[in-house]
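The values are calculated or read from the model by the stated rules, or taken from the named source; none is laboratory data. Here the structure is a predicted model, which means the values were calculated and not measured. Reconstructed Cβ throughout: ideal geometry from the backbone, glycine too, with neighbour counts over all protein chains shown. Remember, those area values only see protein heavy atoms, side chains included, never the ligands or the DNA or RNA. Shrake-Rupley method; radii C 1.70, N 1.55, O 1.52, S 1.80 Å.
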Amino acid sequence: MRATAKAHTNIALIKYWGKRNEELILPTNSSLSVTLDGFYTRTTVHFKNELQKDVFTLNDKVIKDIAYERVTNYLELFRNYANKQGLYAEVNSINKVPTAAGFASSASGFAALAAATAQALKLDLSEQELSKFTRQGSGSACRSIYGGFVEWQKGQANDGSDSYAIQIAPQDHWDIRVAAVVLTAKEKDVSSRVGMKRTVDTSVFYDGWLDSLPADLEAIKEGIVAKDFEKVGSIAEANCLKMHATTLGAVPPFTYWQDTTMTVMQTVQSLRKSGFPAYFTIDAGPNVKVLYLPKDEQEVLKKLRQTDGVTDVIVSKVGEGISYV
Ligand code: 2P0
């Protein structure tokens, strides 16, 4: 009862920002992401009758803290579904996600864990079912089941049965690039879980954010299908700014930005002024991701690397979905 799966991380162009059910991880809004190649987690799950509890190894280190609790609690979902209570596993993960660049490893991590666990237990789940399981590990992870451009449909049902990801366009549909700009960043003090909850509960701007989302989502999907880079980039950038604006209306207010975050945003705006279409997006942290077209790579990377406070720039292409090794 052993399987290995590989999943890539993703970056949201329309952000997931808020839950309507914290236990099942059901979002208040639909979101849309691009899966990134190069950044992935590879996980082997091996169920063994002789184990008394799960064992979790990450990058060859045995994990015993809160990350272990999250993994073992998550495996419990599968044990209950498969009626295999008391059957424990060795979980071995290798993470190739540059967390210094502000990529959450939870997206690729839970996608690879869900896929390997389901395969090891021979559950024969559809991709839709797998996406629903993955969602319950970490919301954004449900989008990493697919490659290319992916929408997480928020769904309506209280049991989460209609909240899962679907593919909008495959990996080879469109060759765009994402540069992850690494900044001299301090540890962030509000996690994304805490930040989104505080925003939902208290932000005076939260309703405005929600009201604006259906139009953003429809327009960006049209842009992706038509490969209209300026349309997709400008919607993604504006959507990111609206998400971050909600944090300023929370009680107490907070922001994920640092001074260097704004410096990189200005570099991107000046690239556009000089005729190089580039757009930024920012997740729950200070780092900036920049979208651009392959033909502009040299100029975009040069300008980003010259920007004060930038320590590294890591490039990714559009990536593939779950694979089994
Ligand atoms: C996203 N983020 O769409 C948004 C944009 C951060 C900003 O998904 O609580 O780790 O595990 O469901 O998925 C980060 O939150 O949160 C996130 P949980 P997750 O990518």
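Quick notes on this one:
- Within the stretch 73-100, the set of residues being free of Cβ contacts under 8 Å to residues at least 40 places away in the same chain, open to solvent by 50 Å² or more (accessible area, probe 1.4 Å) and of a type outside the set (V, I, T) comprises N73, E76, N80, N83, K84, Q85.
- Annotation note: of E151, E127, the sole residue that is open to solvent by 60 Å² or more (accessible area, probe 1.4 Å), at negative phi and in the same structural domain as S106 (by TED's automatic domain parsing) is E127.
- Filter result for M262 (open to solvent by 10 Å² or more (accessible area, probe 1.4 Å) and not in a loop (DSSP other than H, G, I, E, B)): yes
- Any hit, the stretch 108-115, residues being hydroxyl-bearing (S, T, Y) and within 18 Å of G160 (Cβ to Cβ): no
- Every condition in (1) more than 17 Å from L183 (Cα to Cα); (2) open to solvent by less than 20 Å² (accessible area, probe 1.4 Å) holds for V325 except the one numbered (2).
- Strands (runs of 3 or more DSSP E) lying entirely in the stretch 1-81 (those with 2 or more residues that are near the ligand (Cβ under 10 Å from one of its atoms)): 2-14, 31-48
- In the stretch 280-322, the residue that is nearest to S140 (Cα to Cα) out of those that are among the hydroxyl-bearing types (S, T, Y) and open to solvent by less than 20 Å² (accessible area, probe 1.4 Å) is T281.
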